[in-house]
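Read the figures in this text as sums done on the coordinates, not as results from a lab. Please read all numbers here as calculations on a predicted model, not as lab measurements. Positions of Cβ are generated from backbone atoms using ideal geometry, with glycine treated the same way; all protein chains shown enter the neighbour counts.
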Amino acid sequence: LKIAYKELDINEIENFQKDILNEIIRLDSEKLVLDFTDVENVDLCFLQTLISIKKYCDNSHINLIIENINSNTLKQYINVFNLNQTLGITND
Amino acid sequence: MTEEMQLFLEDMDEQLSIMEATLLDIQDIPLEDIDKEMINKVFRAMHTMKGNAGIFGYKTIVSFAHVAENLLDEIRNGKIELTQDMINLFLQVKDESKTIINLCTNNKKLDEEQEKHYNYLLNRLSDFLPLDTQNSDSTVQLIENTTNIQSNDQLVSYIIDLKLKKDFYKSGMDVLSIIKYLELIGNLKNIKLLDDEIPTIEDIDPLNAYMKFIIEYETSEPINEITEAFEFVREDIELDIFEAAVEKDIEESFLVFKKAKQTKQNFTDTNNEPAANNTSAKNLSLRVGSIKVDKLINQISEMVIANAKIMQYAKETQDSDFEETVIVMSEMLEEVRNGIMDIRMVQVGDSFSKLRRIVTDIAKRTGKEIKFEIVGGETELDKTVIEKLSDPLVHMLRNAVDHGIETPDIRVKNGKNSKGTVTLKAYPEAGTIVIKIIDDGKGIDKDIIFNKAVEKNLIEKDANLSDSEIYNLLFLPGFSTANEVTDISGRGVGMDVVKKNIEDLRGTVFIESTLKKGTTFTIRLPLTLAIIDGFLVQVADSKYIIPLDNIRECVELTSDSKNQLKNNGYITLRTDILPILDVAEFFKIEKMDTKRENIVVVKYGTSQVGLRVDELIGEFQTVIKPLGEIFENIAGISGGTILGNGEIAFILDIQRLIEYKIKNKESKNGK
């Protein structure tokens, strides 16, 4: 799923949640790929949602793959809070 | 600019103002009489600035404020004695802080010259500090990349337990900003995000916060410095900070922390007196961006217009229940409107205090001794008006100090106190706010102005001008009587701009002066610029609004009065002579035969005139709409408004109408 939001913050988070839930419903493999190429800015509220997606995926044995993180803020969150392992991020 | 940034700048500005005003107070009293609370006040302002800058990651400001704060701390603890030199230095620190804030918030770096000055001030601050307090973060050089405390044998380890409350995200703040601030004053050893309470995506309410953090941290700063990092989010977090056991793994520390909770050191329990005071003060008020308030005022204005339409419709339907409901709604709307307008009203004192520095600086530069007094600082005025008034006031005060007040030797020679007085006074009067700039200097020589005006071909040599007309020449573009052009004033540029700025605010400026005694500039301003209580009248087939604050009373024009008016141009109201201005005649409107005519007695300042109108319609909440370039210069009209039926009514410019009538009367009397 290519995330189509430039800003993923408190204003868009509910829409993002809906998009993800829809995606999960129509998911026909055991792999959920989130492509963040277009996402420029995120906030802590989004980070929390991302963790909650990961939790769901772990519980449902879905492999969550996070791709193309360009947002500096998201990179900062991942580094500062040591989230590589939590979110299963293995490459840069 | 983001709302957070705007709030940051407003808060920084407020702290700088407090700092400056307090330092100027301190400067005015003998050093031995200085109250410790005054030093505390400056310290608190500097401390808050440091905290705010840290939250936004402005390391240059933090570094600078930190050294200044250290010195202030030493002074307030009685370890260092305050000197006049230090007060001057702190005033320079305040100025420099403003410069740095402007640069930082515009993503600019200090240029070579600014950097030199910055380092010079840092050096001077450090020179006053004892060697043992000149720690690594007071190093006398510009710290560009990091201010982390790298080595200090006094480092203490802490565990910070941070839980976000449900509404944390709505506060607009971010934990990253707090982390950045903590990095400035200490070392982050480890951060653990605890996600056990975060539900999975199908169950989560994404607007609610569920996150917790355990931060392992070490710093040489006291615990209250750590709590300061959380100042902006106090309402939205649960926070515990406790001293960690030495060299423990974070998981282990976490367990220790759980046990230690019984004897927790909550941040409100710390001996951080300034921060505690600050918090209680902050709880009493709510900082809201002025853009939000402006938007609200615009919306209310549109509601007022819509309400007028409903009111009109209610009258036409002749349904008494409906009409009554609309009346109740109108009253409530008026209350809401007044409440909103009240939010915009701010005390002039804060703004006036900023001008004190200008007076003090110019006095120093010109070798004059000046006592600057502020009277009526609690008077309230619309924030926009105050902001726009700042430049004219600066100009007039500069003139008062530079040209008005004499040097001490001349004052003594003239039998005056060597110290001149400049007073800035504000008070409400007849629906307006009056601001006076009064000096007890040499006064304005009318002959010099007159001759200069003749010399500049502005008036004829034999022109017969009243005192006020002569003083008004000072407001002509390029007019200056100063023989010597200084870098402070005397270029003739400014007084015309002063007048224009004040007139743009629908205000007036007036000069009174007595040679050798002093000069008074009187500025009269409307209370607000957006909505006024008006009184709707009809003249022939046109409707006009008279600002209610200007109205003294309404009387019927009796046949006796009509005769008197016809013969003399005035009527006798009780025992007073009342000049009458016929609105129809003034606007050259064809008069209609009406059974009954009325006089609306209006007042502006100390002058009073009766306006002859046909019908008195009643009170009307008036949203002032600008007339646009084509109509803005129509004499006697200050704006327009939209009535309930969509008609446009002009708002009468009472000040100009009164001036016109008085001038007209004087010229008829041969003056």
Exercise for the section: Amide H neighbours of residue A:64 under 5 Å, at least 5 residues apart or on other chains, H built in the peptide plane: list them. Expected result: A:32
Practice task
Using only Cα atoms, locate the centre of the stretch B:546-590 and the centre of the stretch B:355-407, then give the distance between them in Å, rounded to an integer.
Solution key: 41
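Compute the signed sum of charges (Lys and Arg +1, Asp and Glu -1) over the other residues within less than 11 Å, Cβ to Cβ, of residue A:44.
Working: positive: none; negative: A:9, A:43, B:174.
Neighbour charge sum, excluding residue A:44 itself: -3.
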Practice task
Step through the residues of the stretch B:18-30 one at a time and calculate ³J(HN,Hα) from phi using the Karplus curve (6.51 cos²θ - 1.76 cosθ + 1.60, θ = phi - 60°), rounding each to whole Hz and writing x for Gly and Pro.
Solution key: 4, 4, 5, 4, 5, 5, 5, 4, 4, 4, 7, 10, x
Completion exercise
Sorted by chain and then number, the residues having a modelled amide H within less than 5 Å of the amide H of residue B:621, at least 5 places away or on another chain, are B:534
Exercise for the section: Sum up the lysine pairs in the stretch B:578-671 that clear both bars: alpha-carbon distance under 25 Å and a spacing of 8 or more or different chains. Expected result: 19
Problem - Coil-residue GluC sites (Glu not before Pro) of the stretch A:1-83, DSSP, other Cβ within 10 Å capped at 15 - result: A:30, A:40
Problem - Global form of the protein assembly as shown, assessed from the alpha-carbon gyration tensor, a/c cut-off 1.5 - result: oblate
Handout entry: Close Lys-Lys pairs in the stretch B:1-84, where close means Cα under 19 Å and separation is 8 or more or interchain
Key = 4
Practice task
Mind checking A:49-55 for the average number of partner chain beta-carbons within 10 Å of each residue's beta-carbon?
Solution key: 6
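Count neighbours as other Cβ atoms within 10 Å of each site's Cβ, and list the trypsin sites (Lys or Arg not before Pro) in the stretch B:513-566 that are DSSP loop with at most 16 such neighbours. Walk me through the intermediate numbers first.
Values: sites: B:516, B:517, B:524, B:543, B:552, B:562, B:566; in loops: B:516, B:517.
Within the stretch B:513-566, the qualifying trypsin sites (Lys or Arg not before Pro) (loop, at most 16 other Cβ atoms within 10 Å) are B:516, B:517.
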Practice task
Starting at the first residue of the stretch B:308-314, write each ³J(HN,Hα) from the Karplus equation 6.51 cos²θ - 1.76 cosθ + 1.60 with θ = phi - 60°, in whole Hz, x for Gly and Pro.
Solution key: 4, 5, 4, 4, 4, 5, 4
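Which of rounded, prolate, oblate describes the stretch B:194-234, given a ≥ b ≥ c as roots of the alpha-carbon gyration tensor eigenvalues and a/c under 1.5 marking rounded, otherwise prolate only if a/b is larger than b/c? Each step should come with its number before you reach the end.
Numbers: a/c = 6.73, a/b = 2.37, b/c = 2.84.
Note, shape of the stretch B:194-234 comes out oblate.
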Handout entry: For B:188-195, mean number of other protein chain Cβ atoms within 10 Å
Key = 3
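Peptides B:58-66, B:87-95: what's the order by average Cβ count within 10 Å, highest mean first? Could the numbers behind the result be given before it?
Numbers: B:58-66: 23.4, B:87-95: 19.0.
Result, highest mean Cβ count within 10 Å first: B:58-66, B:87-95.
Label the stretch B:536-595 by shape, choosing from rounded, prolate and oblate, from the square roots a ≥ b ≥ c of the eigenvalues of the Cα gyration tensor; if a/c is under 1.5 it is rounded, and otherwise prolate applies when a/b is larger than b/c, oblate when it is not. List each step's numbers first, then the result.
Numbers: a/c = 1.89, a/b = 1.22, b/c = 1.56.
Oblate shape, in that a/c is at least 1.5 and b/c is the bigger or equal ratio.
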Practice task
Which order do the peptides B:622-628, B:338-344 take when ranked by the mean count of other beta-carbon atoms within 10 Å per residue, highest first?
Solution key: B:622-628, B:338-344
Completion exercise
Per-residue average of other protein chain Cβ atoms inside 10 Å, peptide B:196-209 -> 6
Problem - Within chain A, trypsin sites (Lys or Arg not before Pro) in DSSP loop having at most 13 other beta-carbon neighbours inside 10 Å - result: A:6, A:26
Problem - Whichever lysines have a C-alpha closer than 17 Å to that of residue A:31, once near sequence neighbours (fewer than 8 apart) are set aside - result: A:2, A:54, A:55
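So, counting K/R as plus one and D/E as minus one, what does the shell of residues with Cβ under 13 Å around residue A:73 add up to? Walk me through the intermediate numbers first.
Values: positive: A:6, A:75, B:180; negative: A:7, A:9, A:40, A:43, B:174.
Net of charged neighbours comes to -2.
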